[in-house]
Amino acid sequence: MSISNLYTPLIASIALIFLLSCGAGKQGDASRADTDPSGAPETESTLFCADSAYSYVQRQVDFGPRVPGNEAHAACGDWLAETLRAAGAEVTVQTATLTGFDGASIPMRNIFARLNPDADERVLLLAHWDSRPWADHDPDPAKHSSPIDGANDGASGAGVLLEIARIAKEAGIAKGIDILLCDAEDRGTENNDESWAMGTRYFAANLPEKGYMPSAAILLDMVGAPDATFMREYFSQRSNPALADEIWAIAHSLGYAGNFPNRMGSAVNDDHVELIKAGIPAIDIIDYREGEGFFSGWHTTADNMDAISKETLEKVGRVIETYLKK
Ligand SMILES: [Zn+2]
């Protein structure tokens, strides 16, 4: 993803109406199998397991950088689809050969999983699973052409969604859940918006069915770093402010206001923009820090497992689980 050129400081001054309409609790008596890595007292009944989500991130990274066309990408894609099937999802795979901004041929594979396939109300959750082929923001110029592990930038979002799929049935989620693990997000170049989010652009042009319209669409991107800061993102706010209000209200009700400040961050050209362009309202939960930008390991070789916090994965996962139960 990249910062959109459309962003102007004016946007930051937009006043937000924060509706604390979403209560925190009454989610049932399901007990959690894990312990809270933060050591904080358990306040919510959620099944989302930080250790499990972390292991899903680790497993992706263990394949190696998942660059479309390489062996790790092929093997990881197989594993993602299999893991979603094992969770009880109906999985379909979209494949296409796309052309990158540099003329390269990109074997793209979107993995689409449906839980509760017969439910009329459907929530679309998405995250990209490819990793960037170049560490072009690495402080060491010698590493600029090296691929990255993409532990946070890619694997974290997919890991959280795999964990959501694993617990969905036991958590009693009645809504239909559509999970899109989109490919070829992170092969873009600066000042070329079309060079990013290629997998989701393809999905938006080839929807699962005519008139496909989820009741909500939520993108997770870079949801694993310590001290992650999920500010309100501009295109999300413009597209579906009510959904953003609801998600941030849930986060605050769970005690995560520090990670989910209710302020405008930036305008990020990310997968959700491709859905919005196709008429599907969508929001992005993305780590963007005031005065800093993306996390320090963004597009560097430091985006490895050392950049992943179980606590952050858990917070995001619990927010999503709580939302799905409503
Ligand atoms: Zn990226």
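A few notes on this one:
- Total residues in region 141-162, condition out of contact with any strand residue (DSSP E or B) (no Cβ under 7 Å at 6 or more places or on another chain), more than 16 Å from the ligand (Cβ to nearest atom) and either in contact (Cβ under 8 Å) with a residue 12 or more places away in the chain or part of a strand (DSSP E or B) (or both): 1
- Region 260-283 - residue that is of a type in the set (S, T, N, Q) and surrounded by 19 or more Cβ atoms within 10 Å (Cβ to Cβ) and, of those, farthest from residue 183 (Cα to Cα): 266
- Every residue from region 75-133 that is outside any strand (DSSP E or B), of a type in the set (S, T, N, Q) and surrounded by fewer than 23 Cβ atoms within 10 Å (Cβ to Cβ): 83, 116
- Of all residues in region 269-326 being within 16 Å of the ligand (Cβ to nearest atom) and among the polar types (S, T, N, Q), the one that is farthest from residue 192 (Cα to Cα): 304
- Residue match in region 78-92 (condition: more than 16 Å from the ligand (Cβ to nearest atom) and touching a Gly at 6+ places or on another chain (Cβ under 8 Å)): no
- Residue match in region 175-184 (condition: more than 13 Å from the chain's Cα centre (by Cα), surrounded by fewer than 24 Cβ atoms within 10 Å (Cβ to Cβ), modelled with pLDDT of 95 or more and over 21 Å from residue 215 (Cα atoms)): no
- When 137, 128 are screened for being at pLDDT 95 or above, within 16 Å of the ligand (Cβ to nearest atom) and closer than 19 Å to residue 69 by Cα, only 128 passes.
For (1) away from the ligand (no atom under 15 Å from the Cβ); (2) out of contact with any His (no Cβ under 7 Å at 6 or more places or on another chain); (3) more than 28 Å from residue 67 (Cβ to Cβ), each residue gets a yes or a no:
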{"residue": "184", "(1), (2), (3)": "no, yes, no"}
{"residue": "192", "(1), (2), (3)": "no, yes, no"}
{"residue": "205", "(1), (2), (3)": "yes, yes, no"}
{"residue": "215", "(1), (2), (3)": "yes, yes, yes"}
{"residue": "225", "(1), (2), (3)": "no, yes, no"}
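- Residue in region 235-258 that is under 20 Å from residue 126 (Cβ atoms), surrounded by 20 or more Cβ atoms within 10 Å (Cβ to Cβ), without any contact (Cβ under 8 Å) to a residue 40 or more places away in the chain and away from the ligand (no atom under 16 Å from the Cβ) present: yes
- Residue in region 295-303 that is more than 14 Å from the chain's Cα centre (by Cα), without any contact (Cβ under 8 Å) to a residue 12 or more places away in the chain and surrounded by fewer than 21 Cβ atoms within 10 Å (Cβ to Cβ) present: yes
The values are calculated or read from the model by the stated rules, or taken from the named source; none is laboratory data. No experiment lies behind these values; they were computed from the predicted model shown. Glycine gets a Cβ as well: all are built from the backbone with ideal geometry, and neighbour counts include every protein chain shown.
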